[in-house]
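The block underneath contains the structure these notes are about, expressed in structure tokens.
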Amino acid sequence: MEPGLLLIPGPVPLPPRVLEEFAKPAMPHYGDAWVKAHRETREMLHDLWSAPDAHVFPIAGPGHAGLEAIAYTFLRPGDRVVVVSNGFFGERTREVLLSHRVKADVVSSDWGSGPDIPALREALKTPTRAVAVVHNETSTGITNPLEPIVEAAHAADAAVIVDAVSSLGGIPLPFAKLGIDAAFSASQKCISAPAGIAPVAVARSLWEATDPETVEGWYLNLYTWDRYEREWGEWHPTPTTISSNLFYAFHRALLLVKEEGLEARIARHVKVAARLRDGLMGLGFSPLGPTNLLSNTVACFAPPAGVDPNRLVRRLRDEHNIYISGGLGPLRGKTIRIGTMGTQADPEIMDWLLKAIRASV
Ligand SMILES: Cc1ncc(COP(=O)(O)O)c(C=O)c1O
């Protein structure tokens with residue numbers, strides 16, 4: 001298949017140095033080189049989450065594996081969880097949690113708006129084990145402010161679980177400073193690695209308050225991952241076979257984040273997202289949400305009257321070899337979505353895209 005310019009909201013194009021690692025012959029998933037890469041990966045994940053004391057794990061699986069690992073390890077059937085939902089991935093969180101037989105109540109607000117904090121405070125008057133929220137709602141291009149959510153949850157003695165799939169590495173997410181209890185992300189977005197690794201972070205307080213004996217399951221039980229680190233750490237620190245191509249590519253992608261510096265990387269996302277937004281608004285497109293909540297990793301815009309978003313997505317693909325996405329759920333046929341994550345956050349790429357859009361509307 002002819003490669004195109006991948007500007008969907010993840011996966012993103014791999015940087016050449018990551019691609020080089022991904023294409024190498026397979027290597028053992030244990031031994032000295034693996035132990036070293038694993039140790040460095042954990043150190044870099046501590047930096048990326050800004051959480052030096054948290055337990056961090058590179059779980060092999062998609063972002064959802066991170067959510068399920070947190071659910072298996074820290075939630076129990078019958079626990080009440082309040083899901084703050086304002087988009088497709090908020091609804092997905094609820095669906096996943098319900099499958100774990102927790103009681104998932106939703107504090108919802110319109111797609112494209114911010115979280116309803118007064119309604120959250122009200123919902124937390126009933127005893128609650130945890131509040132779950134999507135930091136960056138990839139379906140609407142809205143970044144949910146976490147501070148008021150953490151504050152309300154902790155005031156009610158509830159833990160905070162954060163979906164950081166489309167924010168980690170692109171939008172500030174100081175896990176420890178915010179007081180988040182557990183969070184997960186995915187390798188294929190702002191980190192710009194291949195899909196298949198879910199970085200998970202857990203605060204020490206939640207870790208120590210949980211009895212490992214009460215956790216069901218093995219692979220997505222984070223205490224299993226911890227046990228292998230402690231007991232097999234000298235030669236085989238991960239419990240199962242992880243693709244060496246994937247693991248070393250992920251390690252390389254984290255090295256690139258470190259080389260660039262997290263602050264500089266986040267500043268690059270701010271700048272490029274603003275350039276794209278200005279360009280789109282100049283062409284008559286309108287963002288879905290209020291200016292102060294617009295995401296720096298995904299743009300969700302409605303086209304000007306008379307322009308069909310699905311037709312625009314197709315024309316960009318067929319005539320310019322550029323892949324962007326359409327709307328999800330109720331936004332299908334109403335919006336377009338463009339990723340500005342990791343490698344996509346490049347001013348020249350955005351200018352190229354805007355030129356193609358101008359020629360296609
Ligand atoms: C906010 C958010 N959460 C969860 C997911 C699911 O990630 P994965 O497909 O890696 O499981 C996505 C994927 O786009 C996402 O954007």
> Could you say which residue among Gly170, Gly233, Gly196, Gly217 is modelled with pLDDT under 95 and either under 15 Å from the mean Cα position of the chain (by Cα) or of a type in the set (Gly, Ala, Ser) (or both)?
Replying inline: Gly233
> Quick one: is Thr343 of a type in the set (Ser, Thr, Tyr), outside the structural domain of Gly112 (by TED's automatic domain parsing) and more than 20 Å from Ser139 (Cβ to Cβ)?
Replying inline: yes
>> Give me the helices (runs of 4 or more DSSP H) completely within the stretch 8-113, filtered to those with at least 3 residues that are of a type in the set (Asp, Glu), ordered by residue number.
In response: 32-49
> Inside the stretch 313-338, can you point out the residues that are outside any strand (DSSP E or B) and within 27 Å of Gly90 (Cα to Cα)?
Replying inline: Val313, Ile324, Gly327, Leu328, Gly329, Pro330, Leu331, Arg332, Gly333, Lys334, Thr335
> Conditions: (1) more than 28 Å from Gly339 (Cβ to Cβ); (2) within 16 Å of the ligand (Cβ to nearest atom). Ala153 meets all but one. Number of the miss?
Replying inline: (2)
>> Need pairs with beta-carbon distance below 6 Å; first residue within 19 Å of Ser205 (Cα to Cα) and within the stretch 54-68, second more than 7 Å from the ligand (Cβ to nearest atom) and part of a loop (DSSP other than H, G, I, E, B); sequence gap 6+ or separate chains.
In response: Ala54/Ala203
>> Based on this model, can you work out whether Pro58 counts as within 16 Å of the ligand (Cβ to nearest atom) and not basic (Lys, Arg)?
In response: yes
> With Ala209, Ala195 as the choices, which residue is farther than 25 Å from Arg277 by Cα, within 13 Å of the ligand (Cβ to nearest atom), surrounded by fewer than 24 Cβ atoms within 10 Å (Cβ to Cβ) and of a type in the set (A, V, I, L, M)?
Replying inline: Ala195
>> If I go through the stretch 311-353 residue by residue, how many of them are within 19 Å of the chain's Cα centre (by Cα), closer than 14 Å to Pro13 by Cβ and not β-branched (Val, Ile, Thr)?
In response: 5
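The values are calculated or read from the model by the stated rules, or taken from the named source; none is laboratory data. As the structure is a computational prediction, the values presented were derived from the model and not from experiment. FYI the Cβ positions are ideal-geometry reconstructions off the backbone, even for glycines, and counts take in every protein chain you see.
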